[in-house]
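Student: I have a structure I would like to understand better, so I am pasting it below and will then ask my questions one at a time.
A short reminder: the numbers here are calculations on the coordinates, not readings from a lab. Nothing here was measured: the structure is a model prediction, and the numbers come from that model. Every residue, glycine among them, receives a Cβ derived from its backbone with ideal geometry; neighbour counts consider all protein chains shown.
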Amino acid sequence: DIDHVYEALLHTSIDVDSLEPDSVLEEKWIKEVVKMSGMKFKWATLTVDRDRENKDVERQPLPDPAVLVSRPPVVTIMGHVDHGKTTLLDSLRKSQLAAMEAGGITQHIGAFLVQLPSGEKITFLDTPGHAAFSAMRARGALVTDIVILVVAADDGVMRQTVESIQHAKKAGVPIIVAVNKCDKKDADPERVKRELLTHGVVCEELGGDVQAIHVSALKGENLLELAEATVTLAEVLELKADPTSLVEGTIIESRTDKGKGPVTTAIVQRGTLRKGCVLVAGATWAKVRFLYDENGRVVSEAGPSVAVEIVGWKELPTAGEEILEVDSEQRAREAVEWRSFQENQEKLQEDKQVIESKQQQHDEAYQKERQATAHLSWRQRKIAMYKANKHLMSSRPSEKAGGADLSLPIIVKGDVDGSVEAIMNILQSYDAAEQCQLDVVHFGVGDVSENDLTLAETFSGVIYGFNVKANKSIQQKASKQGIQIKLHKIIYKLIDDLKDELSNRLPPTV
Ligand code: GDP
């Protein structure tokens, strides 16, 4: 039954185009055809491993109220652009309130501590604006206890003032209003308060419970009052934490320092961070080597609500990520390994969905095509089918107007049509933007074959396989001929690999 054989052949690595209509199939091909019935079940290689033991960091139980001690409030400054957020942060940092010792050079680590004459402390996050605040919120991390809403007295409530109010309300964080620029002639603080009223912020003077302090960030006026109002509100909020438990915290900034390597600033939320602590964050971990404060001084420990710069990460974790202490390096490695595994599983799931839907589309298209071309010979039909996919093939560089100087010829093999199509779709969207052109010389379903090798040799190409194999003799031949065969089981890894290969082919930039 030639139709049946043809159909089967399409799912194998045999180059059907090279067959003459009357060819007699060799035994090895017949075997491949027989194998074809199993092709659709190659999904086994994409099976998601759900039975693996969860090795993530266990959550600590809620602390015993008896061990809780008060902690300083963590404050974010928000408000409309140009209303004075940065100026206020600068003044607070420089003011006599700040516990600065002689010689301390303030550096930006994302937060700083201010100490009042009464001894009370406040931690200010010094990335003003709600972008940082919402980025944290999006990750489910709420490090802020109080929002200081800066409103310029000469300008009043503006769009970002309203947005800031909404952000704070949504997060359930109480507000203190800093009516700024009160030194200006046209300042009208009372108008500001009336305007705030219409947005649900009721200041004390108007019968509500929101404190509003008239300040001048520029002249440093009334900053102590603002700080005292903050401490008062903190007392009402009864902010407490257990300084004795394992450390929990949130990363507010991360960067790579030339000398120190990966560095993060974190706000400690529970426990006391010390040198030697082993921490897990995202898919990386740290054994704390050094802790620094915002003045660049080494500190020996950091308790709840304190911001410190942490040195000792294996890789750089992302801002917004949660930090959890574990009791050994071994535990940290296990947890990180588990998290990376889980990440991979999620990617696999995504791949699976993409491939399945592509496979379905492909099958439907194939059925349609078969009906439409029922009158054609199998060879004509094969050509018609691959023509339908022709748009996926990029043209030869030499055929291009102007001609691209660089190209990376590739051969793509996948376990099922769906996966090949999924990869081709990604490549298509990727192609044009690159300086080095991707040149797909061949794509198809099945393990890496002799034919693929020949093509790779002819075009000096690289073979990319997704969920397929290359047997020993193919591998040996490839290495003898210097042909690269790259096999992957996750699409994004294959694409990453391809991107690397593309940039490798680029001349080094100055
Ligand atoms: P941000 O965009 O909210 O961070 O605002 P900036 O702190 O950059 O301030 C915007 C402008 O307002 C700058 O020119 C500041 O010098 C000025 N400014 C800030 N606070 C005051 C203030 O209290 N009084 C006066 N007169 N000008 C201020």
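Student: What does the charge count around residue 200 come to, taking other residues whose C-beta lies under 14 Å from its C-beta (Lys +1, Arg +1, Asp -1, Glu -1)? Write down the numbers at each step before the final one.
Tutor: Values: positive: 169, 170, 193, 194; negative: 163, 195, 209.
With Lys, Arg at +1 and Asp, Glu at -1, the net is +1.
Student: Can you pull the one-decimal nm distance between simple spin-label points at residue 333 and residue 458, each 7 Å off the Cα toward Cβ?
Tutor: So the two model labels end up 4.9 nm from each other.
Student: Give the order of 314, 170 when sorted by the count of other beta carbons within 10 angstrom, beginning with the fewest.
Tutor: Numbers: 314 15, 170 10.
The fewest-first ordering by Cβ neighbours comes to 170, 314.
Student: Could I ask something else about it? Order these by the 10 Å Cβ neighbour count, fewest first: 464, 492. Each step should come with its number before you reach the end.
Tutor: Numbers: 464 26, 492 14.
Result, fewest neighbours first: 492, 464.
Student: Between residue 218 and residue 159, take the C-beta separation as r, use R0 = 22 Å, and let me know the FRET efficiency to the nearest 0.05. Provide the component values of the computation, followed by the final result.
Tutor: Values: r = 23 Å, r/R0 = 1.04.
Once the sixth-power term is evaluated, E becomes 0.45.
Student: Follow-up question, since we're still on this one. Can you figure out the FRET efficiency of residue 118 with residue 301, using R₀ = 30 Å and their beta-carbon distance, to the nearest 0.05? Kindly include the intermediate steps, with their values, before the conclusion.
Tutor: Working: r = 23 Å, r/R0 = 0.77.
FRET efficiency, residue 118 to residue 301: 0.85.
Student: Here is a follow-up. Return the distance in nm (one decimal) between the two label points of a simple spin-label model at residue 363 and residue 204, each offset 7 Å from Cα along Cα→Cβ.
Tutor: 7.0
Student: Go ahead and run the numbers for FRET between residue 496 and residue 171, Cβ-Cβ distance against an R0 of 41 Å, rounding to 0.05.
Tutor: Details: r = 36 Å, r/R0 = 0.87.
In this case the efficiency is close to 0.70.
Student: Quote to one decimal, in nm, the extra length available between residue 275 and residue 185 on full extension: 0.36 nm per residue of separation minus the C-alpha distance between them. Can you show the working numbers first?
Tutor: Working: separation 90, 0.36 × 90 = 32.40 nm, distance 5.20 nm.
Full extension of this stretch gives 27.2 nm more.
Student: Going through the cross-link list 55/493; 413/469; 469/489; 121/181, which pairs have a Cα-Cα distance over 20 Å in this structure? Please report the intermediate quantities before stating the final value.
Tutor: Values: 55/493 24 Å; 413/469 9 Å; 469/489 10 Å; 121/181 25 Å.
Long pairs (Cα-Cα over 20 Å): 55/493; 121/181.
Student: Further, regarding this structure: If packing is taken as the mean number of other Cβ atoms within 10 Å per residue, what is the order of 495-502, 65-72, 265-272, highest first? Let's see the in-between values first.
Tutor: Details: 495-502: 15.5, 65-72: 13.8, 265-272: 23.8.
Output ranking for 495-502, 65-72, 265-272: 265-272, 495-502, 65-72.
Student: Follow-up question, since we're still on this one. Hey, fewest Cβ within 10 Å first, where do 324, 142 land in order?
Tutor: Numbers: 324 23, 142 15.
Going from least to most buried by this count: 142, 324.
Student: When the chain is fully extended, how far beyond the present Cα-Cα distance does residue 225 get from residue 255, taking 0.36 nm per residue of separation?
Tutor: Numbers: separation 30, 0.36 × 30 = 10.80 nm, distance 3.45 nm.
Going from the current span to full extension adds 7.3 nm.
Student: Separation between the residue 477 and residue 238 pseudo-spin-labels, each 7 Å from Cα along Cα→Cβ, expressed in nm?
Tutor: 7.8
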